[in-house]
Amino acid sequence: MASSTLVLLREELTKYVGSQVGKLAEKAGDKLTGVTTQLTDVAENGGKLPAIGGPVKAFAADKAKGVKDNVVDKAKSAVGRGDSDRKAGDVKVTSMIETLDVGVPLRIAYDSWTEYEQFGSFTKGVQTVSKNDDVTSEWKAKVGPSSRSFTATVEEQVPDERIIWKSEGAKGTTKGAVTFHELAPSLTRIVLVVEYYPAGFFEKTGNLWRAQGRRLRLDFKNFQRYVTLTDEEPEGWRGEIRDGEVVVTHEEALEAEDEADEDQDDDGEYEDEDEEDEEDEEEDPEAEDADDDTEWEEDEEEEEPRKAS
């Protein structure tokens with residue numbers, strides 16, 4: 001009796017499991033058919049496979065991608081090249097966009113960046129920097145176990161706004177732009193955009209830019225720490241460069257700033273003098289009245305002895 005009951009239970013369990021497996025297989029087949037249909041439409045019509053996860057998620061993803069692409073395009077325009085300019089056979093360009101906020105005024109952040117010779121004191125990637133003139137400088141950097149030397153040329157530089165440069169070396173070319181944005185009197189946002197064009201078999205195939213990119217990001221943060229914690233106020237370079245040529249020298253810029261400060265001081269003195277004149281005019285009637293009262297008192301005192309005599 002017991003054995004027959006066990007056989008019956010085993011048969012029922014086998015039927016149940018078989019039916020569940022069949023249902024799961026049917027559902028999987030339906031999903032696979034739907035995906036296959038979508039892939040076929042993509043292949044035939046050149047469409048785009050919609051995101052899985054509902055219409056709201058797909059819409060949000062498309063919007064986020066559009067915002068990101070817009071920001072990247074604007075950042076790349078600062079270095080004068082976009083993906084649309086790339087032609088078949090061109091070297092693959094690697095881009096990097098970084099943003100940092102530093103707790104110092106705009107001028108201190110900008111002036112600190114222009115002191116290239118100091119970079120070797122707080123970064124690990126830059127070994128030495130020597131300026132040839134106001135436009136070009138020689139850099140020696142360490143990437144992994146090897147060193148790289150290159151010449152950097154400033155193409156555009158506007159005080160407290162932006163610096164755009166290009167560097168040439170035996171192992172590749174780099175284009176870069178750094179911009180400065182005042183968020184508050186003691187808070188500045190720095191945006192760094194760099195594009196790397198490798199040269200040589202090892203540079204192209206070894207993807208050495210990954211190491212360079214990591215080093216650049218870390219040194220960018222090292223600059224943030226340096227400019228925030230240093231006690232010395234940087235002198236910086238206040239000149240202006242357009243199309244690779246100096247249009248305003250450092251000395252001329254400082255003279256212009258001094259003249260502007262003097263004009264502000266003069267305006268302040270004139271305002272103070274005007275205020276003093278107004279105060280004197282307001283006080284003069286009272287003083288005149290007091291003088292008049294004193295004169296009348298003196299006249300009365302002189303008249304009294306005369307009457308007595």
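Any idea which of (1) at pLDDT 90 or above; (2) more than 13 Å from the chain's Cα centre (by Cα); (3) not β-branched (Val, Ile, Thr) is the one Leu187 doesn't satisfy?
Result: Leu187 fails condition (2) only.
Can you find even one residue in the stretch 258-265 that is in a helix (DSSP H, G or I), without any contact (Cβ under 8 Å) to a residue 60 or more places away in the chain and open to solvent by less than 50 Å² (accessible area, probe 1.4 Å)?
Step one: of the stretch 258-265, the residues in a helix (DSSP H, G or I) are 258-265.
Still in the list and also without any contact (Cβ under 8 Å) to a residue 60 or more places away in the chain: 258-265.
Imposing the further condition that a residue be open to solvent by less than 50 Å² (accessible area, probe 1.4 Å) reduces the set to 260.
The answer is yes, given that some residue of the stretch 258-265 is in a helix (DSSP H, G or I), without any contact (Cβ under 8 Å) to a residue 60 or more places away in the chain and open to solvent by less than 50 Å² (accessible area, probe 1.4 Å).
Looking at Ser121, is it of a type in the set (Gly, Ala, Ser), assigned to a strand (DSSP E or B) and either at pLDDT 95 or above or open to solvent by 40 Å² or more (accessible area, probe 1.4 Å) (or both)? I'd like the intermediate steps shown before the answer.
Working: of a type in the set (Gly, Ala, Ser): yes; assigned to a strand (DSSP E or B): no; either at pLDDT 95 or above or open to solvent by 40 Å² or more (accessible area, probe 1.4 Å) (or both): yes.
For Ser121, the condition - of a type in the set (Gly, Ala, Ser), assigned to a strand (DSSP E or B) and either at pLDDT 95 or above or open to solvent by 40 Å² or more (accessible area, probe 1.4 Å) (or both) - is not met.
For the subset of the stretch 132-163 comprising residues that are touching a strand residue (DSSP E or B) at 6+ places or on another chain (Cβ under 7 Å) and not in a strand (DSSP E or B), which member is farthest from Thr99 (Cα to Cα)?
Asn132
Out of Val158, Val135, Val154, I need the residue that is of a type outside the set (Asp, Glu), under 19 Å from Tyr196 (Cβ atoms), at pLDDT 95 or above and open to solvent by less than 30 Å² (accessible area, probe 1.4 Å). Which one? Please lay out each step first, then the result.
Numbers: Val158 fails: under 19 Å from Tyr196 (Cβ atoms); Val135 fails: under 19 Å from Tyr196 (Cβ atoms).
The unique qualifying residue is Val154.
Just for the stretch 216-237: of the residues that are of a type in the set (A, V, I, L, M) and open to solvent by 20 Å² or more (accessible area, probe 1.4 Å), which one is farthest from the chain's Cα centre (by Cα)? Spell out how you get there, then give the answer.
Applying the first criterion (of a type in the set (A, V, I, L, M)) to the stretch 216-237 yields 216, 218, 227, 229.
From what's left, open to solvent by 20 Å² or more (accessible area, probe 1.4 Å): 216, 218, 229.
Working: Leu216: 14, Leu218: 15, Leu229: 19 Å.
The residue in question is Leu229.
Select from the stretch 122-159 the residues that are closer than 17 Å to Asp219 by Cα and among the β-branched types (Val, Ile, Thr) and list them in ascending order.
Correct list: Thr123, Val126, Thr128, Val129, Val143.
Considering each of Glu252, Glu240 in turn, give the residue that is open to solvent by less than 80 Å² (accessible area, probe 1.4 Å), of a type in the set (D, E, K, R) and modelled with pLDDT of 80 or more.
Values: Glu252 fails: open to solvent by less than 80 Å² (accessible area, probe 1.4 Å).
Exactly one residue qualifies, and that residue is Glu240.
Looking at this structure, is Val104 at pLDDT 95 or above, under 30 Å from Leu183 (Cβ atoms) and crowded, with 17+ Cβ neighbours inside 10 Å? Before you say what the answer is, go through the steps one by one.
On the way: at pLDDT 95 or above: yes; under 30 Å from Leu183 (Cβ atoms): yes; crowded, with 17+ Cβ neighbours inside 10 Å: yes.
Considered against the rule, which asks whether it is at pLDDT 95 or above, under 30 Å from Leu183 (Cβ atoms) and crowded, with 17+ Cβ neighbours inside 10 Å, Val104 comes out as yes.
The values are calculated or read from the model by the stated rules, or taken from the named source; none is laboratory data. No experiment lies behind these values; they were computed from the predicted model shown. When we count neighbours, we look across all protein chains shown, and the Cβ atoms used for this are built from the backbone with ideal geometry, even at glycine. What goes into the accessible areas is simple: the full protein's heavy atoms, side chains included, and nothing from ligands, DNA or RNA. Shrake-Rupley method; radii C 1.70, N 1.55, O 1.52, S 1.80 Å.
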